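Q: There's a structure below that I have some questions on.
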């Protein structure tokens, strides 16, 4: 997956370069990033390996800020000093003709890259380097890609080693549909029941995951990000995503799968509205007894992994109901049958509703008694939090 970066505060020129890359080199538009200032460029270069970057020499530090005549060269110097990820090739260009030959020699001597003179509305310099651009594209296509095509983040529940995470990784590894996939299982081995019962202890786990997630996203790039959380892992995942300060890091997030979720059925997903391509699938087990106990007695959690989340189901959000208990998602060929197709393509999601298989005893115990107790639980904890 070759990626390209254009850094130019002149939108007319920068977008023309982008248009030429698309038309002359058949580069898909989604694989070309654009930055207008130093800060945007360095943010991209911290987390993405680029085949080629095109950088204007004179740039502002911030968007629409004051122009620094050597800011682009400073970016190149940061790359050379290994403070940013190294691309395959760098094309630095300038529209300033004064002493251009001296600047070219000095720049080449200091960096080893070519400084190109780019007169207004003249893009012959780009067309003259068509062979170099095509060569680098072919070269990096033949090497192991440092940008993963797909990243799958998984989070397990309490009192477990998350064996299902390893099973899922093996399934993906053996699937012909994945060209480049990186599995990142978040292990918080044997999270105690106490950590789950106490909101303050839960917060510590959320903070730990949020820190790891933020650091990874700031320093890595992929075409797609998929998140899967089971049980308490669904709580950690959604609260960490909700508290993530830089939402731009989630632009590539296109699928969330929650299973056996301990989240409250009224959990608000509005913080993800900025991402129109995101699909959320909530896998429910209609005989999940641990979640019934959660609903009745544990603060700030609920029964979403049984009843589903309240609100509309469809388009980008789906509740699916399966026969089974809290960990039925990891038995037999469930993951191959129900998850592998949607991991490859979320649009292949099919509706499943086996809710009618729910026993009368479970309905009486979970959906009547535990929900009734849960109403008082919420009032008591709400009153207690106000007193504090």
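Q: Using a 10 Å cut-off around each Cβ, can you sort 40, 30 from fewest to most neighbouring Cβ atoms?
A: 30, 40
Q: Could you work out how much longer the chain between residue 16 and residue 68 gets when fully extended? Use 0.36 nm per residue separation minus the Cα distance between them, nm to one decimal.
A: Answer, rounded to one decimal: 16.5 nm.
Q: Roughly how many nanometres apart are two label points built 7 Å out from the Cα toward the Cβ at residue 208 and residue 372?
A: 3.9 nm
Q: Residue 200 to residue 23: extension gain in nm, 0.36 nm per residue of separation minus the Cα-Cα distance?
A: Taking 0.36 nm per residue and subtracting the Cα distance, the gain is 58.2 nm.
Q: Connecting C-alpha atoms closer than 10 Å in a GNM of the chain, tell me which of 220, 82, 282 has the biggest fluctuation.
A: 82
Q: Still on this structure, I have one more. Could I have the simple spin-label model distance between residue 380 and residue 300, label points 7 Å from Cα toward Cβ, reported in nm to one decimal?
A: Each label point is offset 7 Å from its Cα along the Cβ direction, giving 1.8 nm.
Q: Let me ask something else about it. Rg(Cα) of segment 245-293 divided by 2.2 N^0.38 Å?
A: Compactness ratio reported: 1.38.
Q: For residue 121 and residue 244, what does the FRET efficiency come to when R0 = 51 Å and r is the distance between their Cβ atoms, rounded to the nearest 0.05?
A: It comes to 0.75.
Q: Taking the beta-carbon count within 10 Å as an exposure proxy, list 375, 349, 238 from fewest neighbours to most.
A: Going from least to most buried by this count: 375, 349, 238.
Q: For the chain, find the longest principal axis of its Cα atoms and tell me its angle to the long axis of helix 100-111, 0 to 90°, nearest 10.
A: The helix 100-111 is inclined about 50 degrees to the chain.
Q: Give me the distance between the Cα centres of segment 6-22 and segment 242-265, rounded to whole Å.
A: 33 Å
Q: Moving to a separate point now. For segment 4-141, what is the percent of antiparallel DSSP beta bridges, rounded to the nearest 5?
A: That works out to approximately 10 percent antiparallel.
Q: Need the full-extension length gain, residue 180 to residue 354, defined as separation in residues times 0.36 nm minus the C-alpha distance. One decimal, nm.
A: Roughly 59.2 nm would be gained on extension.
Q: Is segment 205-260 rounded, prolate or oblate when judged by the Cα gyration tensor, a ≥ b ≥ c being the square roots of its eigenvalues, rounded requiring a/c under 1.5 and prolate requiring a/b larger than b/c?
A: On the way: a/c = 2.04, a/b = 1.27, b/c = 1.60.
It is oblate, given that a/c is not under 1.5 and a/b is not larger than b/c.
Q: Indicate the gyration tensor shape class of segment 189-322 (rounded, prolate or oblate), computed on the Cα atoms with a ≥ b ≥ c the square roots of the eigenvalues: a/c under 1.5 is rounded; otherwise a/b larger than b/c is prolate and the rest oblate. If you can, show how the numbers build up before the last one.
A: On the way: a/c = 2.05, a/b = 1.21, b/c = 1.69.
Cα axes put segment 189-322 in the oblate bin.
Q: If you don't mind, there's one more thing I want to ask. Between segment 269-344 and segment 28-102, what's the alpha-carbon centroid distance in Å?
A: Measuring centre to centre over Cα atoms gives 43 Å.
Q: Relative to the longest principal axis of the C-alpha atoms of the chain, give the angle of the C-alpha long axis of helix 71-80, reported between 0 and 90° and rounded to the nearest 10°.
A: Approximately 70 degrees, to the nearest 10.
Q: Rounded to the nearest 5, what % of DSSP beta bridges with both residues in the chain are antiparallel?
A: 5 percent
Q: How many percent of the alpha carbon pairs in the chain exceed a separation of 42 Å?
A: Cα-Cα pairs of the chain separated by over 42 Å account for 28 percent.
Q: Which ordering of 264, 276, 10 is given by a fewest-first count of other beta-carbon atoms within 10 Å? Each step should come with its number before you reach the end.
A: Details: 264 19, 276 7, 10 16.
Listed from fewest to most nearby Cβ atoms, that is 276, 10, 264.
Q: While we're looking at this one, here's another question. Could I have the simple spin-label model distance between residue 161 and residue 293, label points 7 Å from Cα toward Cβ, reported in nm to one decimal?
A: 2.3 nm
Q: Between helix 371-387 and the chain, what is the angle of the helix's C-alpha long axis to the longest principal axis, kept within 0 to 90° and rounded to the nearest 10?
A: That works out to roughly 60 degrees.
Q: Which of these, 56, 273, 33, has the largest mean-square fluctuation under a Gaussian network model of the chain (Cα springs below 10 Å)?
A: Among 56, 273, 33, the largest GNM mean-square fluctuation belongs to 273.
Q: Once you order the gyration tensor axes a ≥ b ≥ c over the Cα atoms, which shape class does segment 20-121 get: rounded for a/c under 1.5, otherwise prolate or oblate by comparing a/b with b/c? Could you put the intermediate results ahead of the total?
A: Numbers: a/c = 1.34, a/b = 1.22, b/c = 1.10.
Rounded is the answer for segment 20-121, as its axis ratio a/c remains below 1.5.
Bear in mind these aren't lab numbers, they're just calculated from the coordinates by the rules spelled out. Values in this document were obtained by computation on a predicted structure and should not be read as measured data. Neighbour counts are summed over all protein chains in view; Cβ atoms, including those assigned to glycine, are modelled from backbone coordinates with ideal geometry.
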